[in-house]
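Input: a single structure, listed below in structure tokens.
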Amino acid sequence: MIRIKRFIDCFVPVTACNMRCPYCYVTQSGTSRNQLPELKYPPKYIAKCLSKKRLGGVCALNLCGHGETLLPREMTGIINALLKEGHGVFVITNGTINERFNEIIKLPRWRLKRLFFKFSFHYLELLRLNLMDDFLENIRKIKKAGCSYSIEMTPYDELIPHIDEIKHFCMDNFGALCHVTVARDTTREELPILTNLSREDYGKTWGVFDSNLFSYKLSVFNVKQTKFCYGGELTSTLNLESGDLRQCYQGELIQNLYENPSAVIKWRPIGKNCPESHCYNAHAFLTFGAIPELNNITPTYADMRNRVCRDGSEWLMPTVKTIMEQKVIKGR
Ligand code: SF4
């Protein structure tokens, strides 16, 4: 069985996107768009710097851009190199870059068993851009190739009149309801929920999707974490372009992983000094075990991602499911 040593959230510095979703964090922050990164390090070198030996074992590496993660041409090579190294690779995508999916499904099937896609389901935007067929076809393709996936919708108030229609669409096309996240208002320091509804009404409105992701995120949203956090050791964040490894999004720099690929990594947990007003990505960090004291009351990342379809099939394939059902444990 694959044992996971760490969870690392890898930032792909792309702000370009083919969509214009009103709730997008890049749109909210007013950051300039349409920037493709200059990934100056070749995939082989990135994988060398992130070798299993150096990281202490197999890791779960989450690749996510501020725009569409799969727009940069280099992504297929990077995904392949990280899979080849033996890691579990998770890709956050809007599911519409056909060229990239066509490349990825040609990778060796035994590697694709460790690959997971989180399809962000931008329902109205997919309809507006006439991209829904591409979205569905790309899900079908990666499923056939043996990859795992999840389909997740960002709730926002303008989508409320479409809830019934979306539920029907999901059952007809995904075999199960999509998962639902909790969107944050990044224009305010305390990062509140992005809605005009009360918290209670928000919970009731989007709770109809019966999503573990939604119920867990909502339960810890805006809750300041004060217990000892192993962000910086069991979990961390990495800028895939520069190689900067940090304890967490706002944590201290641990070191640059690209400067010297053989330098030992000096992991350093953030402890009780979480700088965030709340752990807004608790559905990944805490479900993987960043705060061990919470492990026995925290669901698994597999709970956040899987669905059993009405034909009995599941969104997660066995290898990825095994990876996502684990907590990362210190010293293991
Ligand atoms: S509690 Fe969450 S946001 Fe804070 S340091 Fe730990 S993982 Fe990061």
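The values are calculated or read from the model by the stated rules, or taken from the named source; none is laboratory data. For clarity, every value in this text was computed on a predicted model and none was experimentally measured. Here Cβ is always computed from backbone atoms with ideal geometry, including for glycine, and neighbour counts include all displayed protein chains.
Criterion applied to TYR149, TYR156, TYR230 was being more than 16 Å from the ligand (Cβ to nearest atom), buried (at least 21 other Cβ atoms within 10 Å of the Cβ) and of a type in the set (Ser, Thr, Tyr), and the one residue passing it is TYR149. Looking only at segment 105-125, residues that are outside any loop (DSSP other than H, G, I, E, B) and either of a type in the set (Phe, Trp, Tyr) or touching a residue at least 60 places away in the same chain (Cβ under 8 Å) (or both) come to 8 in all. With respect to the conditions (1) touching an Asp or Glu at 6+ places or on another chain (Cβ under 8 Å); (2) over 23 Å from MET317 (Cβ atoms); (3) among the charged types (D, E, K, R), LYS118 falls short on a single one, namely (2). From the set of residues in segment 203-246 that are aromatic (Phe, Trp, Tyr) and out of contact with any Gly (no Cβ under 8 Å at 6 or more places or on another chain), which is modelled with the lowest pLDDT? The qualifying residue modelled with the lowest pLDDT is PHE221.
Among the criteria (1) within 14 Å of the ligand (Cβ to nearest atom); (2) modelled with pLDDT of 95 or more; (3) over 16 Å from ILE151 (Cβ atoms); (4) buried (at least 17 other Cβ atoms within 10 Å of the Cβ), the one TYR258 does not fulfil is (1). If you filter segment 238-255 down to residues that are loosely packed, with under 14 Cβ neighbours inside 10 Å and of a type outside the set (D, E, K, R), you find that the one that is nearest to GLY65 (Cα to Cα) is GLN250. One residue stands out in segment 278-299 among those that are part of a loop (DSSP other than H, G, I, E, B), touching a residue at least 60 places away in the same chain (Cβ under 8 Å) and near the ligand (Cβ under 8 Å from one of its atoms): the one that is surrounded by the most Cβ atoms within 10 Å (Cβ to Cβ), namely ALA290.
Only residues that are part of a strand (DSSP E or B), within 14 Å of the ligand (Cβ to nearest atom) and under 20 Å from the mean Cα position of the chain (by Cα) were counted in segment 233-255, giving 6. Going residue by residue through segment 301-319, is there one that turns out to be under 27 Å from PHE117 (Cα atoms), within 16 Å of the ligand (Cβ to nearest atom) and at pLDDT 95 or above? Yes, segment 301-319 contains a residue that is under 27 Å from PHE117 (Cα atoms), within 16 Å of the ligand (Cβ to nearest atom) and at pLDDT 95 or above.
For residues in segment 261-277 being within 16 Å of the ligand (Cβ to nearest atom) and of a type in the set (D, E, K, R), which is nearest to LYS44 (Cα to Cα)?
Ranking the candidates gives ARG268 first.
Please indicate, with yes or no, whether at least one residue in segment 304-315 is more than 20 Å from ASP210 (Cβ to Cβ) and loosely packed, with under 14 Cβ neighbours inside 10 Å. Looking for residues that are more than 20 Å from ASP210 (Cβ to Cβ) and loosely packed, with under 14 Cβ neighbours inside 10 Å, one finds none in segment 304-315, hence no.
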